[in-house]
Amino acid sequence: QVQLVESGGGSVQAGGSLRLSCAGTGYTHSSYYMGWFRQAPGKEREGVAAIYSGGGSAYYADSVKGRFAVSHDNAKKTLYLQANSLKPEDSGMYYCAAALLERTMGWERLDSRAYDIWGKGTQVTVSS
């Protein structure tokens, strides 16, 4: 099955940038949606961004629109999240997730319940 490993997290001052990566193994030619989710201590996991592996549409949480960009490199089988103009409230554990296109139908793309393949996360800390 598909396995996901995140990297690229770290500590940055407010206004700085990070580029997160999610490397996948075990992929077939099946169509996937892939997404980034984050969770701060004491809060529920929230969807940040999602994209269809074949390209095209992308989805973003209102809180990150204009600052974050999600992309997917099919050749490298890697999902990216370019996070710019970071704010302290962006801090949290960032998780990469994936699901077959068929599984996501009927769910909003930023709903964690649509996904069944998860990485272990990479920590992002933004200081003021």
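Every read-out reported here was derived from the displayed coordinates using simple, explicitly stated rules and does not represent laboratory data. Quantities reported herein were computed from a predicted structural model and do not represent experimental measurements. All Cβ positions, glycine included, derive from the backbone under ideal geometry; neighbour counts span all protein chains shown.
Filter the chymotrypsin sites (Phe, Trp or Tyr not before Pro) in segment 17-74 down to the DSSP loop ones having no more than 15 other Cβ atoms within 10 Å, then list what survives.
Sparse-neighbourhood loop chymotrypsin sites (Phe, Trp or Tyr not before Pro): Tyr27.
Run lengths n ≥ 4 of DSSP H only: what is the helix-derived mean residue ellipticity at 222 nm for the chain, with -39500 (n - 2.57) per run over all residues, to the nearest 500?
Estimated from H runs of four or more residues: -500 deg cm²/dmol.
Short version: ³J(HN,Hα) in whole Hz for each residue of segment 68-84, in order, from phi by Karplus 6.51 cos²θ - 1.76 cosθ + 1.60 (θ = phi - 60°), x for Gly and Pro, what are they?
My calculation for segment 68-84 gives 10, 9, 9, 8, 9, 9, 5, 5, 8, 6, 10, 9, 10, 9, 8, 10, 10 Hz in order.
Over the chain, with a Gaussian network built from C-alpha contacts below 10 Å, which listed residue (Thr25, Thr78, Thr104) shows the highest mean-square fluctuation?
Greatest mean-square fluctuation among the candidates belongs to Thr25.
Given bins 5 angstrom wide, list per bin the percent of all Cα-Cα distances in segment 3-75, short to long.
3, 12, 22, 27, 20, 10, 5, 1
Between Asp111 and Lys76, with labels modelled 7 Å along Cα→Cβ, what's the label distance in nm to one decimal, could you check?
About 3.2 nm, to one decimal.
Given Cα positions, please report Rg to Rh for segment 1-43, the hydrodynamic radius being the Kirkwood one.
My calculation of the ratio gives 1.07.
Restricting to DSSP loop positions (anything but H, G, I, E, B) with no more than 12 other Cβ atoms inside 10 Å of their own Cβ, which trypsin sites (Lys or Arg not before Pro) remain in segment 22-128?
Lys43, Lys65, Lys76, Lys120
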